[in-house]
Every structure is written in C-alpha cells, then in structure tokens.
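The values are calculated or read from the model by the stated rules, or taken from the named source; none is laboratory data. In this text the structure is predicted, and so the values were computed from the model without any measurement. Positions of Cβ are generated from backbone atoms using ideal geometry, with glycine treated the same way; all protein chains shown enter the neighbour counts.
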Amino acid sequence: MTISVSERSTGSALGFVVSGDVTKADYDEVLVPAVASALEQHDTVKVMLDLTDFRWEKAGAWGADLHFGHEYHERIARMAIVGHKKWEERLAHLAAPFCAKEAAYFDDQDAAWAWLRG
C-alpha cells in the first residue's frame, strides 16, 4: 500500500502517510474505510496527509480521489497537508473547496497535528 494510517491517529483526527504512486486500491482499502469508520462515531473528522514521499496518483485513482472529495467534503472539518514542495502547498489551497471545510499546508508533521487537534 502507498497510503498507510499514521500511528498518531486517534478519535476523529486521522493521519495518513502517502508514498510512491497512489492507486485506486489505496482509496478503496485504506483511506475510505478509515474515514468512514471514524465518521460512524464522530460528526466530522480531521485529516492529515503526509505527502513527503508521494510521487504521483495513478490514472485509476483520479476518479476515486474526486469521489472521495465529493462524498466526504462536508464532514472533513480540517485537512492538513504536509510536504516540502511548492505544489503541495498549492494543493492545500485547492483542498478546501473540494475536500474539506478548511485546509492548511505544513512542512512539519508536529505542526500539522497541533493545528488539526487545536
């Protein structure tokens, strides 16, 4: 898997480490089940995506990505994107209208977790 659940995930604060090339199976088998499970217990969730080692999303994952945003946008209160590239920072600005009510970019996971839980 190229998406794994962070050990720091607790309650409604979910963290995911994204590495390599993301596939549709990553959404179907990791991301969506984790978010759906948390939403069974909480009205909203907060999501951290660590994209530090992310390369690209396979074509088959694009539809899953769009569906995820459409399905969960209203129930993702905050999305923190962690990375070290300018495009990742821009992605955080695009995430708010499509994936979360509020999104922010961080170059440090600790700062991202603090913001999510704050």
**Study point:** Residue check, Ala13 over 18 Å from Ala112 (Cα atoms) and either at pLDDT 80 or above or out of contact with any helix residue (DSSP H, G or I) (no Cβ under 8 Å at 6 or more places or on another chain) (or both)
**Key:** no
Exercise for review: Could you list all residues from region 12-54 that are over 13 Å from the mean Cα position of the chain (by Cα), of a type in the set (D, E, K, R) and closer than 12 Å to Ile76 by Cα?
Suggested key: Asp43
Point to revise | Counted residues, region 1-21 - those being assigned to a strand (DSSP E or B) and either free of Cβ contacts under 8 Å to residues at least 40 places away in the same chain or not aliphatic (A, V, I, L, M) (or both) | key: 12
Practice item. Select from region 36-59 the residues that are closer than 20 Å to Tyr105 by Cβ and crowded, with 19+ Cβ neighbours inside 10 Å and list them in ascending order. Key: Val45, Lys46, Val47, Met48, Leu49, Asp50, Leu51, Phe54
Practice item. Considering only region 84-117, state which residues are assigned to a helix (DSSP H, G or I), of a type in the set (Gly, Ala, Ser) and at pLDDT 90 or above. Key: Ala111, Ala112, Ala114
Check your understanding: Taking region 27-83 only, how many residues are of a type in the set (A, V, I, L, M), assigned to a helix (DSSP H, G or I) and either modelled with pLDDT of 80 or more or under 14 Å from Gly11 (Cα atoms) (or both)?
Key -> 8
